[in-house]
Each structure stands twice: as structure tokens, then as C-alpha cells.
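Below is one structure, written out as C-alpha cells; the observations come after it.
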Amino acid sequence: MSASLTLYHSPTSPYVRKVMVLLHETGQLNSVALHGVTLTPLNPSAEVNEHNPAGKIPALLLADGSVLHDSRVILDFFDHQHSGEPLIPRDGATRWRRLTLASLADAVLDAAILVRYETFLRPEDKRWDDWVLGQCSKIDRALEAFEQSADELGDRFDVAAISAACALGYLDFRMPDLNWRRDCPKLAAWYSTACQRPSLQATAPVH
Ligand code: GSF
């Protein structure tokens, strides 16, 4: 298949990484051209803004000129473009459970990105420690829930597992002092096995 789709991409974006992992897992890498961008709320990309008013990546430009965003929508789109077992269960209780786990992983990412912006972008004299602590509490509670659900994560490598792996990868990348493995041994064991997958190896963020 020739690439008639363009994905706005950054190798350090965990939301983009979710999409890339699904593309790897479903054999669709060649269907997408990657268009690299660097952006933050303080350094937006005019091109991305034009396609996604929220100014965020991933955004996917389709052949007819229309655009899909955000990562959850793009994952759903690509999961409908392959003929293998769906990575987003189509119906039943499994669908809602796996999407809820995926949403919890995204909540980890959302909190971690806000911490990143607060500590990396905001001038030191304007930072608000209590607000950062509030975001870190969200991460802690979500990790505790994942520790309880570590067996479930291992059931299959689908949207829940992809999202959880990308969230944990981002914590290791941007918050290496968090030491989440100490309190989450089952989650750490699951993640260590998951990280052997070529899809995760090929998409690991690098400084
Ligand atoms: C979040 C995307 C996002 O924050 C999704 O796609 O699931 N809910 C959305 N992307 C970041 C890049 S990253 O750090 O992954 C982004 O585009 N930030 C620019 C901004 O202005 O917030």
C-alpha cells in the first residue's frame, strides 16, 4: 500500500507512540507517511494548528484532506483498517473494560505531561508545587489501580496494553526518579515482558 495518509509525529510524544505501536502490531507501518513536528503550548506549530485547532499531535491527514485527532480516534481508525483480530474490542463488556484501562493510562499521560510543562516550560518563580503534587497523586492512584489489574493487562496486547505500556515508557523517559516499580512489582513484571515486543522496542523514546 502506498502512503496516502500523513501522521503528524514526534518520536518523544507518548500519544504518537500509541499510534505507532498499533501500526507496528497490525502491519500498517507502510500505509502512513510521518511528518515530524516539534511543538509545545509555548512553541506551537502553525501547520498543526491548521489541522487540529487544539494544536496537538498526533493528527492524521487523510487522502481526501480531512483530519483525524486525537490519539484515541486515530487508534480506532487504524484498528478498522486491518483484517486481524481487533486491538480495540468491538463490543461486549471486554470493550468497555479495555477502553477504561486505556483511558486510565491516558490519564497518567495527561498528568505527566502537565507536570512536564510545569517543571520544564514554566519559569521557576511561577511554578506551583501543590499543583504538581496534585498531578503526581493522580499518577500514583492510577499506578496503584494498574498494579491491581496487572494480570488483566497481560490477557492480550490490545488498546489497554498499548496505552499502559506507552504511559509507563513516558514515566521512565520524563520522570525517571519516580521509582514506580518499587510499589508496583506485578505491573513492573508485566511491563518488562511487554517491552520485548518489537513494536515497543522500535518506538522507544530517545533523548
Ligand atoms: C493529547 C495529545 C497531546 O497532548 C491525544 O492525542 O490523545 N489527548 C491528546 N500531545 C502533545 C504532544 S506530547 O507531549 O505527546 C502536544 O501536542 N502538545 C502541544 C500542546 O500545545 O499541548
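Here are the numbers for this structure:
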| quantity | calculated |
| --- | --- |
| Among (1) in contact with a strand residue (DSSP E or B) (Cβ under 6 Å, 6 or more places away or on another chain); (2) modelled with pLDDT under 95 - the single one residue 124 does not satisfy | (1) |
| Single match in 98, 127 (criterion: away from the ligand (no atom under 15 Å from the Cβ) and closer than 20 Å to residue 176 by Cβ) | 127 |
| Breaking point among (1) surrounded by fewer than 17 Cβ atoms within 10 Å (Cβ to Cβ); (2) assigned to a loop (DSSP other than H, G, I, E, B), for residue 103 | (2) |
| Residue that is open to solvent by 10 Å² or more (accessible area, probe 1.4 Å) and in contact (Cβ under 8 Å) with a residue 40 or more places away in the chain, where the choices are 174, 181 | 174 |
| Per-region count, region 54-67, residues without any contact (Cβ under 8 Å) to a residue 40 or more places away in the chain, out of contact with any His (no Cβ under 6 Å at 6 or more places or on another chain) and either open to solvent by less than 30 Å² (accessible area, probe 1.4 Å) or over 22 Å from residue 116 (Cα atoms) (or both) | 4 |
| Residue 116 being crowded, with 16+ Cβ neighbours inside 10 Å and within 13 Å of the ligand (Cβ to nearest atom) | yes |
| Tally of residues being without any contact (Cβ under 8 Å) to a residue 60 or more places away in the chain and either on the phi > 0 side of the Ramachandran plot or in contact with a Cys (Cβ under 7 Å, 6 or more places away or on another chain) (or both) across region 4-37 | 1 |
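The values are calculated or read from the model by the stated rules, or taken from the named source; none is laboratory data. All figures in this text were calculated on a predicted structure; none of them were measured in a lab. As a convention, Cβ positions derive from the backbone with ideal geometry for all residues, glycine included, and neighbour counts pool all protein chains shown. For accessibility, only protein heavy atoms count, side chains too; no ligands or nucleic acids. Shrake-Rupley method; radii C 1.70, N 1.55, O 1.52, S 1.80 Å.
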